[in-house]
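Right, one structure below, let's go through it.
Derivation of every value follows stated rules applied to the coordinates shown; laboratory data play no part. If you're wondering where the values come from, they're calculated on a predicted model, not measured in any experiment. Positions of Cβ are backbone-derived with ideal geometry, glycine not excepted, and every protein chain shown enters the neighbour counts.
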Amino acid sequence: MPDYSSEPLESTVDEAMNEPDPPALTLSRALQAARERHCDAAGLLCDYAGLRRSPEREALAAALAALEDFDPRRAPIPGPIGFWLNAYNACALLAALEAFPGQDVHRVERFFERARVCVAGLAYSLDDIEHGLLRGNAHKHGRLFGPLAKDDPRLAFTPLIFDQRIHFALYSASRSTPALRVNHPGRLEDELEDAARDYLRRGVRVESEGAVVVAPQQLHWYARDFGGESGALEFVLERIEDDAAIELIDRRQGRVKLRYAEFDWTLNQQPYQGRK
């Protein structure tokens, strides 16, 4: 048995303290710093002009670059989901720097399709992360097939579980975007539920005395992820926190229609000076 008694305790502690942070933690911290400095309190608007010339942008770009040799599969379930959400949101935040105020983010060339980050030696676009990995290579709205071929090595990094609440935790840098959020190990369940409830709180309306529920477009685009339209409606009704609206809906005894709000893809630019 090795004898560690002669090893100075101080050197062991110093070595532990000097070890670099895991790349996933560095990424989450860089994303949090960018959010705190350049977004409004809700994470819905961003001062992209300020971000563009900031040390937070440099730190976030460096954190993404450091993922080239990182294998997210080492994280315990459901850790990889939180990692890929952070990677997506960081990439989307930096990609938005290519857009102009008042511009639809789709006007940026291949905003969602261009490779934005390299993880474990493989390149990913926003679509690759969202639809290829987080949705199990399901097709994007308006497409017939998932973004990754059946033999694509990136499929090996697909999280082992699927959670439809990811749709409300993915930042699209647009006026209809879910809030920019940072996910943390061990807290994903609460963070995803908070993201879903927050987005639905802002985006759901009950109209026509409870006969119509207006919901975000994600529930229409990806209805299959929620078990069809009836499952999407149930998902929404379970998270409506307005007692008066619930009472109106209950009176309808199931005779409720689901309608979908328009999605505004205009850049969510704010002339915001950052929080000190």
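The share of C-alpha pairs in segment 138-204 whose separation exceeds 18 Å stands at 51 percent. Counting 0.36 nm for each residue step from residue 32 to residue 175 and taking away their Cα separation leaves a gain of 49.5 nm. Note on 247, 56: ascending count of other Cβ atoms within 10 Å places them as 247, 56, the fewest first.
Note on residue 65 and residue 255: with the Förster distance fixed at 41 Å, the Cβ-Cβ geometry gives a FRET efficiency of about 0.15.
When the chain is treated as a GNM with alpha-carbon contacts under 10 Å, the residue of 37, 107, 175 showing the greatest mean-square fluctuation is 107. When the chain is treated as a GNM with alpha-carbon contacts under 10 Å, the residue of 92, 41, 179 showing the greatest mean-square fluctuation is 41.
If R0 is 22 Å, the Cβ-Cβ spacing of residue 145 and residue 120 corresponds to a FRET efficiency of close to 0.40. Going from the fewest other Cβ atoms within 10 Å to the most, the residues 84, 221, 265 appear in the order 221, 265, 84. Note on residue 189 and residue 103: with the Förster distance fixed at 35 Å, the Cβ-Cβ geometry gives a FRET efficiency of about 0.45. Among 21, 104, 151, the order by Cβ neighbours within 10 angstrom, fewest to most, reads 151, 21, 104. Ranked from largest, the principal axis spans of the Cα set of the chain equal 77, 47, 41 Å.
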